[in-house]
1. Any residue at all in segment 24-46 that is modelled with pLDDT under 90 and either of a type in the set (S, T, Y) or outside any loop (DSSP other than H, G, I, E, B) (or both)?
2. What are the pairs, 6+ residues apart or on separate chains, where a residue within segment 48-68 that is closer than 15 Å to E18 by Cα has its Cβ under 8 Å from a residue that is assigned to a helix (DSSP H, G or I) and among the aliphatic types (A, V, I, L, M)?
3. How many residues does segment 8-64 contain that are surrounded by fewer than 12 Cβ atoms within 10 Å (Cβ to Cβ) and touching a Ser or Thr at 6+ places or on another chain (Cβ under 7 Å)?
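The values are calculated or read from the model by the stated rules, or taken from the named source; none is laboratory data. All figures in this text were calculated on a predicted structure; none of them were measured in a lab. Glycine gets a Cβ as well: all are built from the backbone with ideal geometry, and neighbour counts include every protein chain shown.
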Amino acid sequence: MSSSGRPRRKFTPEFKAEAVAMVEASGGQIGKVARELGIYDSSLGNWVRQAREEAAGAPSAAERAEIRDLRRELERVTRERDILGKASLPGGGQWWSMRGWSGCS
């Protein structure tokens, strides 16, 4: 249930696509179409925006979430690699200690 006490309505992808098509056919009048369908104009506006982004080739919400998760995982694995690489080098990760260079002139 939502915070207003009413159950949240679910709309099928087909209904959303039809509603978006109605907005396009009406010249972009989101408020008018929303009133005709008995839905909030903010919901319809989100559907229209999402449809336009998908038509333009933008990643979907699920794809954006996956990209975000993959970036997070890459960052974690990179940190682990760096830590393990430093721990396995003699001299505590100082590469010059392997070559016998002390860093002093």
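1. No, that holds for no residue.
2. V48/V20; V48/V23; V48/I30; Q50/A61; A51/A17; A51/V20
3. Residues that pass the stated criteria total 1.
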